[in-house]
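Working notes, structure below.
The values are calculated or read from the model by the stated rules, or taken from the named source; none is laboratory data. Please read all numbers here as calculations on a predicted model, not as lab measurements. Neighbour counts run over all protein chains shown; Cβ positions are idealised from the backbone, glycine included. SASA here: full protein model, heavy atoms, side chains in, ligands and nucleic acids out. Shrake-Rupley method; radii C 1.70, N 1.55, O 1.52, S 1.80 Å.
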Amino acid sequence: MKIAILGAGAMGSLYGGYLSKNNEVWMVDIWQDHVNAINEKGLEIDELDGSVTKVSPKATTNPEEVGVADLAIVFVKSTQTAEALVKNRAIIGSDTIVLTLQNGYGNGEDIMEVVPKEQVIVGTTSHGCTMKGPGHIFHAGVGPTHIGAMSDDQTNAQKVADALEAVGFEMDCSDKVLALVWSKVFVNVAINAITALLDIHNGYVNDNAHAAICAELMVREAVTVANAAGMDFNADEVVANALVVAVNTSANRSSMRSDVILKRQTEITKINGAVVKKGKELGIATPYNELITQLILAKEDTYLA
Ligand code: NAD
């Protein structure tokens, strides 16, 4: 398979790096130093057990150099999806399968603005990665990848699952994937913005009674929106699960907290902000998610504006 990774940062490098073991893989990124490092000395993946995986995908900043791919995996930050797809249009032909495993809600919809529904696969990943420097990542967490088609036909999704399974990913291909996407969004709704605003580890969302109330109020709104959009979640179970995840990842720094610390744009508009957007479409008020979205955007303005 000819595969292009659109956004070859931490996660793009992991999926693209592994896939390059038995596919033609192009890492497409705007980060010139990273592209140069991959082309000059390959990509190094530091694994949790101390071993190092070394792979040699091709890398470029120029989508024209890649041409049309069989599969494009979108791994830019979810706020950059629409722009990245337009800029990398040369890679996507009438048969190119486009997969997103990004966090947040609405990535599939963003891709479908440019690519027909039949070509779009969405999903979630339990892997975790951080950038160590150009051409070098740390593979911090391992777990299943769930994918499924936006259309009713799962043939393309199964093809992608097979390709990922062949290089060692634990795969699940399901027609219930949107429920899994929402489930991950609920956890991010509960944890990310609170930990970013308070500059605190994930466990605090469960351990501090005030933080836990904020998380619960936002998650209950998100569940109401998801259920109005056709899902069937039990709000009590979803809240309990989000707090369990906060406990299980207690010492971790959420990605939104990292973004604020590093003075980067966050994914708030695709997490709590996506709940607000979907709520507006469905006529459901989401004041708690609206408030925290505006607070994070105000925080971003202290360093981005
Ligand atoms: P990252 O910032 O490491 O990588 C994003 C990359 O996209 C960067 O290298 C950037 O230069 C590149 N980029 C930006 N605009 C581009 C464009 N127009 N064309 C090509 N490349 C462009 O981010 P990440 O941590 O890999 O996260 C990617 C997505 O995966 C996010 O939605 C994130 O929430 C999700 N995710 C991350 C993790 C994790 O552990 N890092 C885990 C699960 C899900």
Round to the nearest 10 and give me the degree value, 0 to 90, for the angle of helix 177-198's Cα axis relative to the longest principal axis of the chain.
70
C-alpha long axis of helix 287-304 to longest principal axis of the chain, angle in °:
50
Whole-Å semi-axes of the ellipsoid equivalent to region 178-304 (Cα gyration tensor, √5λ, descending)
22, 18, 11
With +1 assigned to the C-beta of every Lys and Arg and -1 to the C-beta of every Asp and Glu, and no other charges, what is the dipole magnitude of region 1-144 about the Cα centre in debye, to the nearest 20?
120
Environment charge of residue 59, counting only residues whose C-beta is closer than 14 Å and scoring Lys/Arg +1, Asp/Glu -1
-4
Would you mind getting the accessible area per residue of region 178-304, heavy atoms of the protein chains only, 1.4 Å probe, in Å²?
47
Quick query: amide H of residue 128 versus all other amide H atoms, modeled in the peptide plane; which residues come in under 5 Å with a sequence gap of 5 or more or a different chain?
140, 141, 142
Sort 225, 114 by heavy-atom solvent-accessible area, probe 1.4 angstrom, most to least.
114, 225
Quick one: Karplus J couplings for region 265-273, per residue in order, coefficients 6.51, -1.76, 1.60, θ = phi - 60°, nearest Hz, x for Gly and Pro?
5, 8, 9, 4, 5, 9, 10, 4, x
Roughly to the nearest percent, how much of the accessible area of the chain is carbon and sulfur, given a 1.4 Å probe?
52
Starting from the Kirkwood Rh over alpha-carbon pairs, what translational D in µm² s⁻¹ does region 146-224 have by Stokes-Einstein at 25 °C and 0.890 mPa s?
167
Quarter of the Cα convex hull surface for the chain, i.e. its orientation-mean projected area (nm²)
14.8
Mean shadow area of region 248-289, taken as a quarter of the surface of its Cα convex hull (nm²)
4.0
Write down the accessible area per residue of region 1-102 in Å², having rolled a 1.4 Å probe over the full set of protein chains.
41
Compute the semi-axes of the equivalent ellipsoid of region 2-175, taking the square root of 5 times each eigenvalue of the Cα gyration tensor, and list them largest first in whole Å.
23, 19, 14
